[in-house]
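What follows is one structure encoded as structure tokens, with my remarks underneath.
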Amino acid sequence: MVTNVAAFGAFVDIGVHQDGLVHVSAMAERFVADPHDVVRSGQVVRVKVIDVDVERRRVGLSLRLNDDPQRRPVSRLERRNSAHGKNFGHQSANSPAGSMARALRDAGFGR
């Protein structure tokens with residue numbers, strides 16, 4: 001559900017403590033001058049997670065469901081944990097479909 005609309009995009013409640021942001025550039029295939037023309041506060045929308053920045057505690061979303069997730073650089077902490085055999089934040093192939101909220105909570109975005 002859209003919780004707030006600003007000049008640069010819309011914040012969406014995705015079921016964890018931190019709302020995700022749909023940047024104005026990820027709202028539609030066409031140019032969007034005013035996000036209020038696309039969504040309104042309280043509107044239920046379907047979004048796709050395209051970026052999770054654990055260090056900055058930000059979740060990037062898109063209303064364009066065909067957008068590809070952006071690959072982000074691996075942080076020093078992730079490299080260090082990987083070198084020590086720790087594999088935080090990765091779900092197995094057998095994880096249930098509703099595990100996104102759990103993964104975000106495990107990454108520090110939990111309520």
Of the residues in region 1-28 that are of a type outside the set (A, V, I, L, M, F, W, C) and assigned to a strand (DSSP E or B), the one that is farthest from Arg102 (Cα to Cα) is Gly9
Within region 31-48, the residues that are more than 16 Å from Met1 (Cα to Cα) and either at pLDDT below 95 or surrounded by 17 or more Cβ atoms within 10 Å (Cβ to Cβ) (or both) are Val32
| message | Take Asp37 and tell me if it is of a type in the set (Asp, Glu) and more than 20 Å from Phe109 (Cβ to Cβ). | response | yes
Selection from region 49-63 of residues within 15 Å of Val2 (Cβ to Cβ) and either of a type in the set (Lys, Arg) or part of a strand (DSSP E or B) (or both) yields Val59, Leu61, Ser62
Subset of region 65-90, residues at pLDDT 65 or above and within 13 Å of the chain's Cα centre (by Cα), comes to Leu65, Asp67, Asp68, Pro69
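The values are calculated or read from the model by the stated rules, or taken from the named source; none is laboratory data. Everything quoted here is computed from the prediction, not taken from an experiment. A quick note on method: Cβ atoms are made from the backbone with ideal geometry, for glycine too, and the neighbour counts reach across all protein chains shown.
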